[in-house]
Structures are given as structure tokens and as C-alpha cells.
Amino acid sequence: MKFAENLESIETLLLLNVDFKKDDLIFEKIKKYITLNKGSHLMFSQENSGQYLNFLTRRLNNLYRVQLDETHLNEQTEEICSLISEFTAIGGGKYPKTLTWPFRSETDIYIQEDNYSESGLGWQTWIASYAMASLMDEEIFDVRDKKVITLGCGTGLCGIAAARFGAKRVTLTDNSEKCLLRAKKNIKLNNVTCATTKFLDWDLYASKKFFDSFEDHEVDFEVILAADCCYEMKMAFTIPFVILNIFKKTTSKNPIAYITIQVRGELFTEVETLEKNLKNLSLQVEKKVIGYTPGRLFGNATFTFLKIWCGS
Ligand SMILES: C[S@@+](CC[C@H](N)C(=O)[O-])C[C@H]1O[C@@H](n2cnc3c(N)ncnc32)[C@H](O)[C@@H]1O
């Protein structure tokens, strides 16, 4: 992985993992790594500086007092990526690793995860997909006998859960080949025969290529599931069009989309914009905030849960 990509990865991880900022264990481990592995003084060369790097450097220095060594930036940033993903992924540990996700209906789903440097943001199973899966488990909404597509499937939990909870057919999509490969392995691991994977890139929503991976007869989705798919402002603009395009193209009547997004302070504007843009496309939107109640398995996180459909 290139230095710039590594920096981007670290920055995203820092932004997304709010708790990480307070986690001394991670900080100590990174610091120890840097100290042991050469760096003592931070001296970025002129060509590497610039706003972005300064921002990151300040963050790393202020928050973690990490010292990078300019002669080993590539190796160091890659290692930091792995360390951050190791410590911030649920459970931590070596990669690939398998986690068991329990459900009220006593269904266990097994998900193997890569590390961040392997699979980008889909490397871990985000809690929003566990929330989505739990809502199916709790029968808050129903996918039984439905044809389902999941957007930005990552490791695949949400789609595999849909298959487990009775969907007729599930298509897990992502624009990351690494994620699709991992999702495919997880489908196999859970032995859900009605689930498959396909490439789908939200950024192509306005292009003829958008449905390229699908045969016409395969676009008959009744339910769209999107867990944690609005963490950048541009997604608040693309996801509504992605949903609208699928609604327009599907041969099924009355398709419905469900979105879960963990409530994170720093994403407030993105989620508000997403909701506004969905409505601007004349889509019907019902919004709920769901949180922990006794008996729920997804801990004390809070989620925005959107139900989206056409017409009145
Ligand atoms: C935060 S992860 C969520 C993964 C999964 N839904 C979950 O909750 O565990 C976002 C996912 O969206 C995918 N993604 C990001 N941009 C995308 C795009 N333009 N088109 C399709 N998928 C995209 C990433 O590869 C990643 O798997």
C-alpha cells in the first residue's frame, strides 16, 4: 500500500473510531512499535508535507504522541494501519479471524474478517449491520421469501442474516473485490445457498454500467438493505440515486429499502442530508432512532433506521 493511501486509511480510522482516541492500550502499542522500530524524531520532508499530512501529523502527535521516522514512512504507516484495525475491530486479535454473531432466535452467524490494509472499510463487520440483522431477527421488518440486495456488503453479515432469516434470494454487493471475496467465503462458511455476491459501485449510479454485473432478469429486488453506507458527504448524494435506480429498474412491485447507520456525532450532517436527498427524489421516508432495550443484543449503540419506499 502506498504512503498516501496509508495516511488516508489512518485518518479515516481515527475519525471513525471515536473510542480509539481514549484507548491508551492502542496508543501504547503504536508508540512502542514506533520506538522499537526506528523512529524517534518526526521530520517530514517538504514534498510530503502539505495540509493533509500536517493534519494527520498533528493528530498523531497530539493524540498519541507517535513519532514517525521519515525514512520508514511506508512500513510504519502500514503497520499503524494494521495495529489500529487490530485494536479497533471488535474483539481484536490476528487476521483473518472468525467472529460469532449471536441472535435472539438462537441463530449464530460466523463472519471471518480481514484487516484494514486488506479490505478497506469493509474489513470489519460494522455494528450497523448487526443492528440491521437484529431487526430482521426481531421481526421488526420481514425479508421472508423476498429477493434482497445489500449495498456495500463488507464482510457480508447483513446479507447472510437476510438469507438466514428466510429471504428467497440475496445478492450481496460492494465495489471492493476484496470485500466481495471475503463475503463469498463467509456465505460458504455459513452454508447459505441462496446468497451470491456481485460488483456494484454507487458512484456509477448515473452510468449505463451501473447494472453491468446483472442480467436484466436478476434485477427483481423487493428489499434493499444498506448498513453503514453513509459515512462521507458524497454518499448522502449517491445512495438516494442508487436506491431510486434500483426501485426504477426492479420488476418487483412495491420495493422497500432499509438503512441503518450508527449515530455518530461527526456524521450528523451527512445523515440529515441523506434523508433530505431521499425526500427530494420524492421517496417516502420513515425515520426511527433505535437503541438498546433489554433483551437486544447489539449493545448500547444508537442507530438511525430509515425505511424508504416509492409513492404514498
Ligand atoms: C462502513 S463499511 C460497511 C460494511 C457493511 N455494510 C457493514 O455494516 O459491516 C462500507 C462498505 O461500503 C463499501 N463501499 C464504499 N464505497 C462504495 C461504493 N462507491 N460502491 C459500493 N460499495 C462501496 C465499502 O467497500 C464497504 O464494504
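A few notes on this one:
- Members of the stretch 270-284 that are free of Cβ contacts under 8 Å to residues at least 40 places away in the same chain and surrounded by 18 or more Cβ atoms within 10 Å (Cβ to Cβ): GLU275, LEU278
- Residue satisfying all of: in the stretch 186-195; within 16 Å of the ligand (Cβ to nearest atom) and polar (S, T, N, Q); surrounded by the most Cβ atoms within 10 Å (Cβ to Cβ) among these: ASN186
- For the stretch 285-312, a residue qualifies if it is within 24 Å of PHE221 (Cα to Cα), touching a residue at least 24 places away in the same chain (Cβ under 8 Å) and among the basic types (Lys, Arg), and exactly one does: LYS307.
- Residue satisfying condition, being in the same structural domain as LEU297 (by TED's automatic domain parsing), in contact with a strand residue (DSSP E or B) (Cβ under 9 Å, 6 or more places away or on another chain) and either more than 11 Å from the ligand (Cβ to nearest atom) or in a loop (DSSP other than H, G, I, E, B) (or both), within set THR155, THR173: THR155
- Tabulated pairs, the stretch 196-209, first farther than 23 Å from GLY159 by Cα, second more than 11 Å from the ligand (Cβ to nearest atom), C-beta under 8 angstrom, 6+ apart or interchain: ALA206/PHE241
- Some residue of the stretch 245-257 being of a type in the set (Val, Ile, Thr), in a loop (DSSP other than H, G, I, E, B) and within 19 Å of the chain's Cα centre (by Cα): no
- Top-ranked residue in the stretch 289-312 [being among the β-branched types (Val, Ile, Thr) and in a loop (DSSP other than H, G, I, E, B); ranked as modelled with the lowest pLDDT]: THR293
- Residues that are of a type in the set (Val, Ile, Thr), assigned to a helix (DSSP H, G or I) and more than 10 Å from the ligand (Cβ to nearest atom) do not occur anywhere in the stretch 202-222.
- Hey, ALA161 surrounded by 24 or more Cβ atoms within 10 Å (Cβ to Cβ), assigned to a loop (DSSP other than H, G, I, E, B) and modelled with pLDDT of 95 or more or not: no
The values are calculated or read from the model by the stated rules, or taken from the named source; none is laboratory data. Predicted model, so just to flag it, every value in this text is computed and none were measured. Here Cβ is always computed from backbone atoms with ideal geometry, including for glycine, and neighbour counts include all displayed protein chains.
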